[in-house]
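One structure below.
Coordinate-derived values only; no laboratory data. Note that the coordinates shown come from a computational prediction; the quantities given were computed from them, not determined experimentally. Reconstructed Cβ throughout: ideal geometry from the backbone, glycine too, with neighbour counts over all protein chains shown.
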Amino acid sequence: MKTEKTKRIHSMLKITICDDDINELNKTIKMCQEYKASHPGSDIRIKSFSSPIELKNSITQGEKSDVYLLDIYMPKVMGTEVAKFLKENDEYCQIIFLTTSTNHAVEAFSLHVTHYLVKPYTQAQLEDALNKAFLAIEKRNNAHLTVKTSDALYRIDFSTFLYSETNKHIQQIHLEDGKSQQARMTSAELFKLVSFDSRFFKCGSTYIINLGKVEEITKNYILFETGMKIPMQRRQYKDLIDRYTAYALEGL
């Protein structure tokens with residue numbers, strides 16, 4: 001089956017592969033090289049590790065990639081633990097799990113991984129997963145909102161948007177750096193501008209939240225990664241849990 005190729009990829013993208021099985025590692029490297037060859041106008045760089053410890057050390061030293069292909073079953077450190085480490089260092093990195101079993105699918109979606117490939121996978125399946133990862137990067141890098149404040153037009157990148165809070169026809173948009181911007185519009189008008197992106201959920205009539213920034217959901221509050229907290233509207237709890245689960249499962 002022919003895979004749908006991305007029309008355009010960023011000028012430079014880095015892929016890192018980690019698999020303790022040398023034969024599997026070499027196979028994946030070759031597949032990634034074939035993918036690179038099919039995108040001659042893009043600078044795709046491929047790096048590989050046979051040890052998860054070495055990969056973690058390289059990340060600690062500041063070496064990062066856009067996409068990580070991780071074997072799950074590795075000695076000393078499981079791929080799921082490596083994924084948690086990667087997300088702690090770069091929440092927007094794309095992770096593709098390579099595994100012989102679907103036993104860790106539930107844990108995988110909780111980590112917001114991009115894809116889950118079961119060995120033996122085909123070239124077409126790997127290309128589909130890489131396309132999904134690169135499209136996610138493209139979408140996230142470009143997604144933003146332009147709002148009119150009291151004295152200027154202001155660009156808000158979706159990656160910095162935590163939540164908005166309504167006060168009649170004024171929306172207070174809270175950002176991850178602790179700052180906020182006011183936009184003169186209704187909550188419904190604001191949600192219409194962001195609803196194409198699955199990260200956003202309208203929680204009752206008061207809040208619009210970025211699911212990608214949520215750390216914890218309880219029946220009493222919603223906690224964001226920055227430590228900011230807003231009250232949970234109990235009648236919205238089930239809908240929010242369902243929507244968050246669906247968001248986490250996207251791409252698996």
- Message: 7 Å from Cα along Cα→Cβ at both Ile53 and Asn141: what's the point-to-point distance in nm?
- Response: 3.5
- Task: Among the aspartates and glutamates, select those whose C-alpha is under 16 Å from the C-alpha of Lys219, and discard any that sit fewer than 8 residues away in the same chain.
- Result: Asp239, Asp242
- With the dipole of segment 12-141 defined by +1 on each Lys or Arg Cβ and -1 on each Asp or Glu Cβ, the option from His112, Met31, Ile137 whose Cα lies farthest towards the positive pole is Ile137
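Quick one: of Lys27/Lys56; Lys36/Lys192; Lys87/Lys168, which pairs are farther than 27 Å apart, Cα to Cα?
Working: Lys27/Lys56 22 Å; Lys36/Lys192 37 Å; Lys87/Lys168 37 Å.
Over 27 Å apart, Cα to Cα: Lys36/Lys192; Lys87/Lys168.
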- Message: For a test of the definition: using alpha carbon positions, the gyration tensor, and the 1.5 limit on a/c, classify segment 174-218 as rounded, prolate or oblate.
- Response: oblate
- Query: From the Cα gyration tensor of segment 28-125, with a ≥ b ≥ c the square roots of its eigenvalues, which class applies: rounded if a/c is under 1.5, or else prolate if a/b is larger than b/c, or else oblate?
  - Reply: oblate
- Query: What is the gain in length, in nm to one decimal, between Arg45 and Asp151 on full extension, counting 0.36 nm per residue of separation less the C-alpha to C-alpha distance?
  - Reply: 33.8 nm
- Taking H placed 1.01 Å from N in the peptide plane, check which residues at least 5 places from Cys203 or on another chain put their amide H under 5 Å from its amide H. Ile208, Ile209
- Find, to one decimal place in angstroms, the Kirkwood hydrodynamic radius of the chain, where the mean of 1/r is taken over every pair of different Cα atoms and then inverted. 19.7
